[in-house]
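As structure tokens, the structure follows; a few thoughts come after it.
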Amino acid sequence: MALEIIEHNLSWNGEPEKRSRTECIVLHHLASEKASLLDVHNRHLSAGWSGIVYHFYIRKDGSIHRGRPEDSIGAHALGYNPCSIGICFEGSFEAEDMTETQKTAGRELISYLVVKYDLRSIFLHSDISPDLCPGANFPFKELTGTP
């Protein structure tokens, strides 16, 4: 089964800068129960960013949406933006558990990116920032296959 990524024709506040290297993935949660990719994009535009800060957004139904262009610098992980791909999962994993469908989509996307970029590092946002993101209930081991 091929990985299906839903493309959106997003309007940006300026052109996102290109990323020169890809060294890791940083995983996030939305910290909100429900929102479409366009909701997140518009929220980030309103906050002064050029648009959605993540490269991919995975909804609870397992759909994978492209946010920022994959080859651009994100705005999701201070200090890691120039070398990382940001994946955000719909939901608040301090208060809820991830759906099985969402986990499956997350595993597929992470596996695809690890192979594509020959990556060795996958971080929770909280690993690199004094933040609770992506929440205590985030299934890191299930998504990444780490012990």
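Quick notes on this one:
- The modelled label-to-label distance between Glu96 and Arg43, using points 7 Å beyond Cα along the C-beta direction, is 1.2 nm.
- Label of the coordinate-derived value, Rg/Rh (Cα atoms, Kirkwood Rh), listed as (1) 0.92; (2) 1.00; (3) 0.95: (1)
- Neighbourhood charge, 11 Å Cβ-Cβ cut-off, centred on Lys34 and excluding it, Lys, Arg +1 and Asp, Glu -1: -3
- Averaging the Cα positions of each part gives two centres, and for the range 71-141 and the range 22-38 these lie 7 Å apart.
- Label-to-label distance, Ser11 versus Asp71, with points set 7 angstrom from Cα along the beta-carbon direction: 2.6 nm.
- Neighbour cut-off at most 14 other Cβ (10 Å), DSSP loop, trypsin sites (Lys or Arg not before Pro), the range 90-146: Arg120
- Among Glu100, Glu90, Glu108: highest mean-square fluctuation, GNM of the chain, C-alpha pairs under 10 Å: Glu100
- Per-residue Cβ neighbour rank within 10 angstrom, fewest leading, Ser126, Ser36: Ser36, Ser126
- Extension reserve of the Glu23-Tyr112 stretch, reckoned as 0.36 nm per residue once the Cα distance is removed: 30.6 nm
Rule-based calculations on the coordinates, nothing more; no lab input. Model, not experiment: these values are computed from the prediction. We place every Cβ from the backbone using ideal geometry, glycine too, and count neighbours over all the protein chains shown.
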